[in-house]
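Have a look at the structure below before the remarks.
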Amino acid sequence: DTEVTQTPKHLVMGMTNKKSLKCEQHMGHRAMYWYKQKAKKPPELMFVYSYEKLSINESVPSRFSPECPNSSLLNLHLHALQPEDSALYLCASSRSTEEYTFGSGTRLTVV
Amino acid sequence: GQNIDQPTEMTATEGAIVQINCTYQTSGFNGLFWYQQHAGEAPTFLSYNVLDGLEEKGRFSSFLSRSKGYSYLLLKELQMKDSASYLCAVRDRDSWGKLQFGAGTQVVVTP
């Protein structure tokens, strides 16, 4: 298995909703990442997990809450989002020195 | 921090060669990546350079000069499916795992 799987592919949520994005990989990668990408912009790093511990938080607002239950799973819990949070959310994983493998992303729309 | 520059857009005809340049300034360098991204899809890994020189992979080649803070991606025998955004990304030595992306170069291949 050489893929990073993200669910759901599309999500529409209201500003008062609570939802979660899920990411899964079975490549034995011990680093996992969340990126946010707005239209026609490059991906922006949000969080890095290394060996299931949060190692980097790029000053992301607390309405985004990451969780790494085990070495294969990464979640992003969403609460009280704003319309400007609408974006493509990409999950990625890597070994220490090899390429980063990206999932196909969750297209999030906040209404 | 890092500052990564690449051209916004390039146009070339089918069968031709295109070279996408990327310059970067970083406080700590630990590798440069090139990714291809079609609209609405996940970035796909193309190449990785950590030492100076040329890496060749089929129709794609990537070059790195660490002393000049410079890389290029060379696309040969262009095909229509190569129309995409090409992202240069630098890994920070001091923040392990952090991959910083340039703004991307939109390549348009014409018949």
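Being within 12 Å of the chain's Cα centre (by Cα), within 30 Å of A:Ser86 (Cα to Cα) and surrounded by fewer than 20 Cβ atoms within 10 Å (Cβ to Cβ) is a description that applies to B:Phe45.
When A:Val110, A:Val4, A:Val12 are checked against the criterion of being touching a helix residue (DSSP H, G or I) at 6+ places or on another chain (Cβ under 6 Å) and touching a residue at least 60 places away in the same chain (Cβ under 8 Å), a single residue qualifies: A:Val110.
Being more than 10 Å from chain B (Cβ to nearest Cβ) and at pLDDT below 95 is the filter here, so list the residues in region A:55-68 that pass it. Those that are more than 10 Å from chain B (Cβ to nearest Cβ) and at pLDDT below 95: A:Asn57, A:Ser59. In summary, B:Leu87 fulfils each of the numbered conditions (1) under 20 Å from A:Glu58 (Cβ atoms); (2) surrounded by fewer than 12 Cβ atoms within 10 Å (Cβ to Cβ) with the single exception of condition (2).
Hey, can you tell me all the residues within region A:87-111 that are of a type in the set (Ser, Thr, Tyr), surrounded by fewer than 19 Cβ atoms within 10 Å (Cβ to Cβ) and more than 10 Å from every other protein chain (Cβ to nearest Cβ)? Within region A:87-111, A:Thr109 is the sole residue that qualifies. What do you reckon, is A:Glu24 in contact with a strand residue (DSSP E or B) (Cβ under 9 Å, 6 or more places away or on another chain), away from chain B (no Cβ under 11 Å), modelled with pLDDT of 95 or more and surrounded by fewer than 13 Cβ atoms within 10 Å (Cβ to Cβ)? So A:Glu24 fails the test. Within region A:1-38, the set of residues being farther than 19 Å from B:Glu41 by Cβ and in a loop (DSSP other than H, G, I, E, B) comprises A:Asp1, A:Gly14, A:Met15, A:Thr16, A:Asn17, A:His26, A:Met27, A:Gly28, A:His29, A:Arg30.
The values are calculated or read from the model by the stated rules, or taken from the named source; none is laboratory data. Source: prediction; values computed, not measured. Quick reminder, even Gly has a Cβ in these numbers, built from the backbone with ideal geometry, and neighbours come from all protein chains shown.
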